[in-house]
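These notes concern the structure reproduced below.
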Amino acid sequence: MRLRTRLTLLYAGPFLLSGAALVSIPILQSRQTEPVGGGTGGGPPPAPAPELGNLIAVSVLGLAVMVVVALALGWWIAGRFVRPLRAITATARDISASNLHRRLGRPGGGEEFTQLAATLDDLFARLEASFASQRHFVANASHELRTPLTAERALLQVALADPEPSVDRLRAVCRDVLALGGAQERLIDALLTLASGEQGIEHPEPFDLADVARGVVASRADARVSTALAPAPVAGDRSLAESLVANLVDNALRYNVPGGTVEVETSAGRVAVRNTGPVVPAEEVEGLFEPFRRLGDQRTRHDGHGLGLAIVRAIAGAHGATVSARARPAGGLDIEVTFPAGS
């Protein structure tokens, strides 16, 4: 049954029952009233008075009219009630099919419909932002993947165009092509890690962030990293947590100043990484967590793809953790990842 039909019956049903009860009361009272002297003697009971028959007929006719009126009024009231809902449904269908930039606004019909429209508007806003971010990500990923391919093609074409290339020249070209291939491999690994981090954690397992950070720092023994690793038990995916800490440390090392330091600290449910890099404007800190975003001219001066902090945020989100970043006045970033209590 359609909603309007159900509402019609819901409105008309109690009205009809109450009307039937009202018209039944005088009928029952008339049937229970006996004429004077009707209770004596052994003869048959007296026939109903003509007024009682007329009363029953009028009551039945009135009840039939009430049925028609109640159904008509119920149908009309239900139509007015569901009209804003139909408008919301039609507009939402049009928005989802063609133009996510439209909004429902205030459809009227009561506070409940306004709240429903506001909720859907928020949903459409998030979808629009998500699709725009996805298009931006795909465009940037295509550009990042195409760049080394173009460089490889150029190197090979130059080598083939040389009629008498020397062995040293060919070796140099091979080394350059291998370096570009390594860059592609690192980019693909970063994209896979980003995708894995956004999928969520199906079977969380307990581990210690301090052990994870200790292993990451030990694998970069040639880097200048100071540690303060207190026990930090959490639950989640240990391999993804290793990627989170590794990206934080690598980002801090890559975007540092000559002679600068990197600090890694763990405590209950949190890991923090600080460095003494260049000064970062406070308004640009949040943008660094977007894929392929770099600060200023670091796109050309550093061997990175701008995915490190995006991977950190994705993995933190999969664990239900929060990421906070603060630009240090003297230069560098202070990034802290806090896992939920009891994780």
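The values are calculated or read from the model by the stated rules, or taken from the named source; none is laboratory data. Fair warning: this is a prediction, and the values are worked out from it, not measured in the lab. Cβ placement follows ideal geometry from the backbone for every residue including glycine, while neighbour counts extend to all protein chains displayed. For the accessible areas, the whole protein counts, side chains as well, though only heavy atoms, and no ligand, DNA or RNA atoms are used. Shrake-Rupley method; radii C 1.70, N 1.55, O 1.52, S 1.80 Å.
Structure summary
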| item | result |
| --- | --- |
| Gain on full stretching of the segment that runs from Leu10 to Ile77 - 0.36 nm per residue minus C-alpha separation | 23.0 nm |
| Global geometry of the stretch 192-295, whether rounded, prolate or oblate, following the gyration tensor of its Cα atoms and the 1.5 cut on a/c | oblate |
| Highest average packing first - 142-152, 310-320, 156-166, 272-282, Cβ atoms within 10 Å | 310-320, 272-282, 142-152, 156-166 |
| Quarter of Cα convex hull surface for the stretch 135-267, i.e. mean projection, nm² | 11.6 |
| Along principal axes, Cα extents of the stretch 187-245, largest first, whole Å | 32, 29, 11 |
| Residue-normalised accessible area of the stretch 54-186, expressed per residue, 1.4 Å probe, Å² | 68 |
| Segment Ala172-Gln184, length gained on full extension (0.36 nm per residue, minus Cα span) | 2.5 nm |
| Contact order relative to length of the stretch 204-343, as percent, for alpha carbon pairs under 8 angstrom and 6 or more apart | 25 |
